[in-house]
Structures are given as structure tokens and as C-alpha cells.
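Beneath this line is the structure, given in C-alpha cells, with notes to follow.
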Amino acid sequence: MTKNQSADAYCQMGIQLRWENSHKAAIDCLEKALQLEPKMALAHQHLCGILRDFSDLDAARRAVDRYCQLCGEDDPIITSISYISIYLVSGLSQEAKAKFLWLEKYIYENLDFVPRSAIKPLYENFLYTSHYLRDSLAENSQLYRTITPKYLKLRGGTVGTLGIEGSKILPSVPHPPHRPIRIGFLSNHFYRHSVGWCSYDIIRELSAITPHVFLYFTGRIKPDDLTEKFKRIAQTYQPQNYPNSMGDARELVEQIRQDKIDVLIDLDAITVPVHIEIFQEKPARNCISWLGFDAAFTADKNYFLADWPSLPEGNEKYYGEQVLRMPHSFVAVSGFVGAHEISPLHTRNLIRKGLRISRDQIIYYCVAPGRKFNLDMVRAQVQILAAVQDGLLVYKGRSDRAVIESAYQQECQRQGVSFHRVKFLPLANTEEEHRKIYSIADVFLDSYPYNGGTHTLEALWFNLPVVTRVGEQFLSRMGNSFLQTLGISQGIARNWDEYINWGIKFGQDIDLRDKIRQHLIQSKHQDHPAPLWNPRQFARDMYDLLAKL
């Protein structure tokens, strides 16, 4: 066996072991492949992927640096995408953004020469990172419009006015009057996941309006208690064996057609790429992206569901889909598991004592994984601490902990704030454990340019004032949507200066904090809950909207 053949054998063995979750053995095989063939791109890619996915991010950065050094000249696109992904997950957004802007410029300058092999990762990975790194509707829209037609053409679609027309467009037939709408939901996340928590109440209420609710689960089967609840409310719960491609999903497309679905709603969009291919087949009369991410730019015959605060009038021009807007909010929940167990004062104090936090300190809470972490946010939060002398920041998020701590430490030193006033919490084992921390907090500090979704909803459910920076894109306007839906203007910031000022004001003005807290408590009154806490009303409004399509 030649050296080349041996390297290839080790690489294939490493890939197989990766899919079997034998990660250490997979890493060993991939490293042996690279010892024999240092420029073997496939081995580099899988090695970087394993280290990233299992949070050995320092090693992942070393691996991707080596990959870029050895293979960057031959394949600048894929190496750059890998670099952006790993540095972004680590919490190093500055480095990730610099590489992002370089690659964007390279693509525009070499658009006609982009290899076919690079188109799929450009759409599925590169575009995904744009929302975390830049809050610019115009620039992000232009990037989507540049890459998406190539991706859809690669997948067998034909380019239309804004996006594509799927390979099998169903004729537009008006919905028969007096027949309940048949609604299908497509997701990888019908379990304990942000999408699951935020969709379950609404889908449950829709099932009370129409008996024809179908759930198509495209994830690896890992059912939990929330999965069982989803199953009980659906006419059909159709699990798939993790379709990675259209070939794998062909059976699901035919099943959706046989179920005669009137409206197919994708809860994941670009975050689960096979859903884009399923939508391209147009298996239902109407296809809608909602909830899990921004629009996918797949077809001007499809829809994107938002609300007015998250997608103001005039912003439709930046989208490939037709925009639908809910009248009040783009989501509604009736609470979260464990939320009824709001800790009384003595429990709050007990938890604080365990964290070595005094009873009287003002606790700012930030939940921002590495992808949502950036130095602008750190500067703003430390500036708030500098003005609120009894304030303390509690941070939690999946990232490279050393990177995050270093960023806060350097900024604290620069602003003359004791680094001991920033505390870092480990990730919780369950959502219920995670949500206990809200009971010790006084103010929630949202992330930007990608706002918190479920975390911000949780903070508001636990009656915390929220400081959120509102931007241009949908994902930077989620906090704005939640607060406006609740009738709260305090805490909505248009820039970092306003973000800082609201943080300081909430920290120094106990009466204002109490006023917001009481407003949030009243918003959950069972006789007249605010739209954000009223999935029953949301389901009625949603059903009426869908019936008109």
C-alpha cells in the first residue's frame, strides 16, 4: 500500500469512527492520515469538525490554523469557512469577522470561478455566520442573493425572479371553504431545544382548531418528555432517519404530498440544510419559514413569517420570500418547564450565598454563547459595572471559557473595574437547572447583533427588566419585538450608548426595576395574558392568516 493509500485509509477510518461517536479514536486516525499526507483537506475538515463539536476549541483553533496554512492557497474558500466557524464558536468574533469580510470580497471578485464543491458550504455555513457578525440588511441580503441562486441551481432548481421555482411546483388551488386546514411542521427539534420550547404551545393550540396537524421530524431520534407531548397533539408524527440529502428525504417529500398538506412550516430554515431542498420540491401548496432562523431566500413563491416590530414596513425588499406578519408577535409561549417554581426570597438568597454573591448586589445576567459574543458587548457591559458600584455581571454561554474570561479581564483592567465583579457559570445539565439562575438576577443584558431568543423570553417570564440593542436584521430585533409586544419601551436601545444608559438606569433605579417587574407579572394574568404569553390567541391569528393564503 502506498503512502497515499495509507493516508486515505486512515482518513476514511477516522470519518467512520466520527459518525460512530468514537471521537478519540477518530482523532488518532485523522492525525495519522495528516502525518502521511499533510495537505489532505478531507482529514483536516473532519478533525476540525470533531474538535469544534465537542468543545475542545483551543485544539480546534490550532487545527484550523494548520489547515489554513497548509491548504489555504489551494482552497481559500473552504479553509476560510472552517476558520470563521471555529473562531466564532470560540468567542473570537473579531478574528472571525476579519476572515468573513476577506472571504466575502474574494467571492464577489471571483464569482464566476467559485468551484461547485464550494457552493454548498458557502450557502449552508458561510451565510449562516453572517447574522452573528454583521447587522446590515442590505449587505447580508446582497450576499444571500449572490450565493443562493448558485446553490439552488446546484440542487437542481431553476433560478426565478428572486429565488427559484421548485422542480415540482404544485398548482395554486384555493383552499376549499369549511374544510380545516392541513398544517405540517418540519423540524429537527421536536424535543428539549429552543425551537421545541417556543413552538410546542402554539402547535398544541393549533391542534385544537384543526385536527390535521402533522409533524415531520428530520433529526436523529433522541426522544424526551417534550417529544412525547408533541406526539400526543399531532395527527401524524413522522420521524426520519436524519436525511442528509434530497435523496434521503425523497420519501418524506412524497409523504407530505400524500398527506395533502395545505401549509408546510419549516421551523429551522438554513440551520437544517435538507429542509431547503425539501422546500425546493414544493411538497405543499404553501411553504413558510418561521421561528428557528431568518428567511432562507429559496423562492419568491414561499413565505417568511415575522411580525411588525421584528420586520418593519419597507424591509420586505431585502427578502427573497414574501413576508407574512403576525398582528402582535412572531411567537408566544405559556411559560417554561420549572417556571412555576420561582424561588422565594430565602431560596434566592441561598443560591446567591452559594455563588458568593451578597444579598444587596445588583446582578446583571448575560447568556451568550461564543457565536453571540463580541468585544463591543463586553465593553458596554463593563462600562455599566463601572457606573453601578454594587453591580455584578454573571455570564454563561457555550464557548471557549478561557477566551471569554480573558476578554472580560482585559476590559475590566482597561476601565478600572475589579475583575472579581464578573462571575462565570458552568453550563447546566437541564433547562430547569439553568432557569434557576434567573431567580437571583435583577437585570438581563441581551446580546447583539444576534439577540437572545429563548433566553430573552425566559428572562421576561421570570420578570426581569431586559436591556436589548435593536438593529436592522430580524435576528437583532427579537428583543425589541418581545418588549413592544409587552408594551414596554424601557430597555430598548438603538446603539451601545443607549444600551449602557439603560443598564445603568436599571441598576441604579430600584423603583424602575420594580415597575417593570410588576408590569411583567401583570402581563401573565390568566384572564388577560399579553400576546407574548397567549399561544391560544396566537394560534387563532395564525390559523386565520394561513386560511387566507
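Backbone amide hydrogens, once placed in the peptide plane, bring Asp268 within less than 5 Å of Trp290, Gly292, excluding anything fewer than 5 places away on its chain. Adding -39500 (n - 2.57) for every DSSP H run of four residues or longer, then dividing by how many residues the chain holds, sets the calculated 222 nm ellipticity at -15000 deg cm²/dmol.
Please report, to two decimal places, log10 I(q)/I(0) for region 254-338 at q = 0.24 Å⁻¹ as given by the Debye formula with identical point scatterers on the Cα atoms and no solvent. The Debye formula, applied to the Cα set alone, gives -1.18.
Taking all Cα pairs closer than 8 Å and separated by 6 or more residues, the relative contact order of the chain comes to 13 percent.
Computed about the Cα centre, the dipole magnitude for the chain is approximately 540 debye when only Lys and Arg (+1) and Asp and Glu (-1) carry charge, each at its Cβ. Heavy atoms of the protein chains alone define the surface here; on that basis the chain has 42 Å² accessible area per residue at 1.4 Å probe size. Residues Trp461, Trp290 ordered from highest to lowest accessible area at a 1.4 Å probe: Trp461, Trp290. On the chain, 49 percent of the accessible area sits on carbon and sulfur atoms, based on a 1.4 Å probe. Within the shell of other residues whose beta carbon sits under 11 angstrom from the beta carbon of Ser399, the net charge comes to +3, with Lys and Arg scored +1 and Asp and Glu -1.
Under 24 Å from the Cα of Lys99, which lysines turn up, not counting those fewer than eight places away in the same chain? Within the straight-line cut-off, Lys99 pairs with Lys39, Lys120, Lys150, Lys372.
Listed cross-link partners Lys260/Lys301; Lys3/Lys32; Lys222/Lys282; Lys396/Lys524 are compared with a 22 Å cut-off, the Cα-Cα value being larger for Lys222/Lys282; Lys396/Lys524.
Taking only the Cα atoms of the chain, the ratio Rg/Rh comes out at 0.97, with Rh defined as the Kirkwood radius. Each of Leu425, Ser141, Ala299 was scored by the projection of its Cα onto the charge dipole of the chain, and the greatest displacement toward the positive side belongs to Leu425; charges sit on the C-beta of Lys, Arg, Asp and Glu.
Global size of region 1-117: 14.7, 45 Å for Rg and Dmax (C-alpha atoms, Rg to one decimal, Dmax whole). Computed from backbone phi with θ = phi - 60° and the Karplus coefficients 6.51, -1.76 and 1.60, the 3J(HN,Hα) list for region 474-484 is 3, 6, 9, 10, 5, x, 4, 4, 4, 5, 5 Hz; x is used for glycine and proline. The trypsin sites (Lys or Arg not before Pro) of region 224-306 meeting both criteria, a DSSP state outside H, G, I, E and B (loop) and at most 14 other C-beta atoms within 10 angstrom of the site's C-beta, are Lys260.
The values are calculated or read from the model by the stated rules, or taken from the named source; none is laboratory data. This is a predicted model, so every value here is computed, not measured. Neighbour counts are summed over all protein chains in view; Cβ atoms, including those assigned to glycine, are modelled from backbone coordinates with ideal geometry. When the accessible area is computed, the model is the full protein with side chains, heavy atoms only, and any ligands, DNA or RNA have been set aside. Shrake-Rupley method; radii C 1.70, N 1.55, O 1.52, S 1.80 Å.
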